[in-house]
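Each remark here refers to the structure printed beneath this line.
The values are calculated or read from the model by the stated rules, or taken from the named source; none is laboratory data. Since the model is a prediction, treat every value here as computed from it, not as a measurement. Ideal geometry is used to build each Cβ from the backbone, glycine not excepted, and the neighbour counts take in all protein chains shown. To get the accessible areas, we keep the full protein, side chains included, count just its heavy atoms, and leave off ligands, DNA and RNA. Shrake-Rupley method; radii C 1.70, N 1.55, O 1.52, S 1.80 Å.
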Amino acid sequence: LKFAELMTDKGLVDQANLRSIRPTDKYIFKGYGIEEWEPKFTYHGFRYVEVEGLSKKPDMHTLTAKVIHSGVSEAGSFACSEELLNQIYKITTWSLKGNLMDVPTDCPQRDERLGWMGDAQIFAPTAAYMMNMNAFFAKWQRDITDSQHSSGYVYDVNPKIVVGGPSKPAWGDAVVIVPYQMYRFYGDKRILEENYAAMQAWVEYMNNHPSTRENGIYHFQAGEGDKAWYGYGDWVPVEASPSKPIGGAYQFYSNRLLSEIAGILKKKTDADKYAAIARKTAGRYNELYYDKATGNYQGGTQGANLIPLSLGIATEKAAVAENIAKNVIAKGNHLSTGFIATQMLLPALSEAGYHELAYTVATQRTYPSWGYMVDNGATTMWELWNSDKEKPEGMNSRNHFAYGSLGEWFYEYLAGIRRDPNSEGFKHFLIAPLPAGNLHWAEASYHSPYGKINSRWDKTPQKFTLK
């Protein structure tokens with residue numbers, strides 16, 4: 001049995017995008033009676049299986065595909081009158097399930113299956129709306145802290161394997177962001193208490209880094225001059241954004257979150273200390289990277305502006321948001337973002353008064369868009385906006401959950417189930433749906449720690465009804 005995501009023109013499995021592996025299971029028949037077999041020490045991410053060696057053509061009863069993933073239960077549901085959005089939600093759900101295997105893997109099929117930190121931190125809110133993720137992420141957080149270097153830095157992949165340290169901006173910061181998000185969703189302080197020292201060690205690593213001492217703000221760098229590399233940046237975008245500023249942006253964000261976490265844990269001295277560092281870092285970031293005359297951050301791309309706006313660095317929010325909207329419109333109402341900034345785009349537009357534009361982006365069918373994936377046969381979220389056109393070998397997975405981070409926007413903006421920033425675990429929550437475009441109705445449910453939350457609205461030309 002040979003497993004693959006793709007098929008050749010001749011209808012055979014195509015394993016070219018799986019890089020160094022060719023997943024194949026071999027079974028030797030004993031030759032009498034009914035024989036049943038399933039693998040016990042491996043699993044496969046696949047859409048197609050090619051079978052050789054049977055004595056007769058297989059029928060629908062010959063093979064059974066079993067869906068396996070870590071035992072997390074479903075927490076939420078979403079549906080609306082726009083079928084494309086329902087399909088996008090469905091492929092996001094399948095990508096989440098396909099990548100919950102003890103750690104939040106990047107992909108389930110090729111020679112990788114690694115617990116990448118950047119992917120997980122941007123997708124954590126969407127994952128938590130869809131599934132009960134508290135125990136799963138609490139376990140993975142132990143993998144992160146078990147691997148943490150004595151100097152305080154963490155690794156891009158956890159458990160630590162393949163990829164060396166230190167972790168890159170927006171990837172390493174998962175050590176702070178993921179526990180914070182889990183606390184916001186579930187109200188369980190233990191994940192903060194158990195990991196406070198590890199979070200603090202990472203933040204102190206950035207705050208005391210040579211780049212911080214020299215420039216007043218952190219940045220990651222490997223190599224010099226033309227060969228300098230500043231990290232993964234806004235990974236695999238349509239239009240690249242400068243990578244160097246992302247280090248300072250996430251230094252600010254991790255300090256800000258650590259200050260809030262210290263407050264929750266009644267560590268007032270730490271809370272005050274990290275809040276002050278966050279303010280200082282934001283000031284330095286704006287000094288270095290913001291052009292007041294144009295209202296753009298360095299690079300002027302969607303990603304370059306979204307990151308400081310969404311993380312809370314931007315002081316001239318309206319001007320920055322307007323530039324993001326103008327950029328989207330100039331690109332024919334299309335996004336141009338990568339893994340990090342895609343999570344931020346739709347919420348930022350909706351918050352700034354460009355909700356109709358956000359909806360237009362979400363329902364686009366031409367490249368680059370989620371609709372383009374769906375219309376080209378995606379059953380799970382692609383790693384690249386153009387996975388269909390990019391050469392198959394190398395880095396081109398058809399099952400990566402990162403671009404599914406818009407699921408958070410489905411729940412919070414379209415259906416309107418929102419977390420109250422002043423209350424954890426949905427003890428108090430907000431219902432604030434934002435109808436848009438051609439939507440006649442939208443609904444979502446979420447099993448919070450305090451009970452099930454339902455939001456459903458229907459709209460006619462005469463009436464809007466919210467239940």
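Descriptive notes on the structure:
- Full extension of the chain between residue 24 and residue 315 gives 99.3 nm of extra length, using 0.36 nm per residue less the Cα-Cα distance.
- Local electrostatic count at residue 337 - Lys and Arg +1, Asp and Glu -1, tallied over other residues with Cβ under 12 Å: -1
- Accessible surface, per residue, of the chain when the full set of protein chains is kept, probe 1.4 Å, Å²: 45
- For segment 235-279, diffusion coefficient by Stokes-Einstein and Kirkwood Rh (Cα), 37 °C, 0.692 mPa s, µm²/s: 283
- Calculated FRET value between residue 269 and residue 8, using beta carbons and R₀ = 51 Å, to 0.05: 0.20
- Span from the segment 349-394 Cα centroid across to the segment 414-455 one, whole angstrom: 24
- Protein accessible area in segment 327-467, 1.4 Å probe - carbon and sulfur %: 52
- Packing-based ranking of 166-174, 95-103, 266-274 yields 166-174, 95-103, 266-274, ordered from highest to lowest mean Cβ neighbour count within 10 Å.
- Using θ = phi - 60° in the Karplus curve 6.51 cos²θ - 1.76 cosθ + 1.60, the 3J(HN,Hα) couplings for segment 124-133 round to 3, x, 4, 4, 6, 5, 7, 9, 7, 9 Hz; x is entered for Gly and Pro.
- Net charge over other residues, Cβ less than 13 angstrom from the Cβ of residue 40 (K, R count +1; D, E count -1): -2
- Carbon + sulfur, % of accessible area of segment 11-164 - ligands and nucleic acids excluded, 1.4 Å: 54
- Once C-alpha pairs closer than 8 Å and six or more residues apart are averaged by separation and normalised to the residue number of the chain, the relative contact order reads 17 percent.
- Amide H contacts under 5 Å for residue 234, placed H, 5+ residues apart: 241
- Angle between the chain longest axis and helix 134-147 axis [Cα atoms, degrees, rounded to 10]: 80
- J(HN,Hα) series, segment 359-370, from Karplus relation 6.51 cos²θ - 1.76 cosθ + 1.60, nearest Hz, glycine and proline x: 5, 4, 4, 5, 9, 4, 10, 9, 5, x, 6, 5
- Accessible-area rank, largest first, for 137, 464: 464, 137, with all protein chains present and a 1.4 angstrom probe.
- Charged neighbours of residue 303, selected by a Cβ distance under 14 Å, balance to 0 (K, R count +1; D, E count -1).
- Segment 1-155, Cα convex hull volume normalised per residue, Å³: 180
- Loop-resident trypsin sites (Lys or Arg not before Pro) (DSSP state other than H, G, I, E or B) in segment 354-459 with no more than 10 further Cβ atoms inside 10 Å of their Cβ: 389.
- Cα long-axis angle, helix 268-289 against the chain (0 to 90 degrees, to the nearest 10): 90
- What separates the Cα centres of segment 139-166 and segment 260-309 is a distance of 25 Å.
- Between residue 101 and residue 215, the distance separating the two model label sites (each 7 Å from Cα on the Cα→Cβ line) works out to 3.8 nm.
- Placing a pseudo-label 7 Å from each Cα along the Cα-to-Cβ vector at residue 440 and residue 86 gives an inter-label distance of 1.2 nm.
- When you restrict to C-alpha pairs under 8 Å that are six or more residues apart and normalise by the size of segment 298-435, the relative contact order lands at 16 percent.
- A simple spin-label model places pseudo-atoms 7 Å from Cα toward Cβ; at residue 292 and residue 276 they are separated by 2.6 nm.
- Long-range HN-HN contacts of residue 442 with modeled amide H, under 5 Å: 457
- Rounded to the nearest whole Hz, the Karplus-based 3J(HN,Hα) values (6.51 cos²θ - 1.76 cosθ + 1.60, θ = phi - 60°) of segment 148-160 follow the sequence 4, 6, 4, 7, x, 6, 10, 10, 5, 10, 9, x, 4, with x at glycine and proline.
- Amide H contacts under 5 Å for residue 453, placed H, 5+ residues apart: 446, 447, 448
- Extension reserve of the residue 60-residue 431 stretch, reckoned as 0.36 nm per residue once the Cα distance is removed: 129.0 nm
- Taking every alpha-carbon pair in segment 358-457 and binning the separations at 10 Å intervals from zero gives 14, 36, 28, 18, 4 percent.
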